[in-house]
Amino acid sequence: MAFRGPGPGVWLWRWRRNPLKRRADAVEAWVVLGVWLLTLAAGVLVGWAGVRGVRHGLDQERSEWRSTVALVTRKAPGAASAAETDDDGARDAGTGHGPGGAPASVWGKVRWTAPDGTARTGRTRVASDSAVGAAVTVWTDRRGRLVTRPPTVNQARTRSLVIGGLVGMTAAAVPLACGRLLRERLERRRLDGWDVEWARFDPLWGRETR
């Protein structure tokens, strides 16, 4: 004989009329319903707000950050020096090339012109053995400060969905945890009620019938 799980009537017993159902059972039924509704609403609304917020910030970066040409102001270290100074494993120390045979990159000092026309200096990744005056492409914000390359449209979409999903799950966990604590309190009150009822009727059941 195949085993059949509990039917809908078993799962929804707190919502049916039952002479054995107590007030605590009805309260718990509403608590469970409210907790699941709050969990769903918090997860969806907060997660969607997180997706939109992150996406807006990344789109703003992509629209405001600009690429510009900077000039190397100090000769960059060569392949041998980069092998000793780089710890990120971005290139092969034996060949002086990075993954896929690309030239090794090292930190170098560069100079560029900010949007307001002032000259700025800073450090960025340049090809090893770059000579003074070599041109490199850097990204700057509206104030002319060095920034990383902004994400592409697909990268921004993926990043916003991941961060928004994490934020939504975190928000959904709050009402779920609060509901669990409330149900535990209701369970303790229900057990205390059983103790009171048992203390009241146990002496009657224990009497000897004559």
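The values are calculated or read from the model by the stated rules, or taken from the named source; none is laboratory data. Every value quoted in this text rests on a predicted model; they were computed, and no experiment measured them. Heads up, the Cβs are rebuilt from the backbone with ideal geometry, glycines too, and the neighbour counts pull from every protein chain shown.
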Flag for residue 190 being farther than 30 Å from residue 29 by Cα and not in a loop (DSSP other than H, G, I, E, B): no
Here are some residues: 149, 125, 145. Which one is under 34 Å from the mean Cα position of the chain (by Cα), over 13 Å from residue 70 (Cα atoms) and modelled with pLDDT of 90 or more? 149
Odd one out for residue 170 among (1) at pLDDT 90 or above; (2) not in a helix (DSSP H, G or I): (2)
Going through 133, 164 one at a time, which residue ends up being closer than 30 Å to residue 36 by Cα and of a type outside the set (Val, Ile, Thr)? 164
Could you list, in sequence order, the residues of region 142-154 that are without any contact (Cβ under 8 Å) to a residue 60 or more places away in the chain and either surrounded by 14 or more Cβ atoms within 10 Å (Cβ to Cβ) or closer than 28 Å to residue 42 by Cβ (or both)? 144, 146
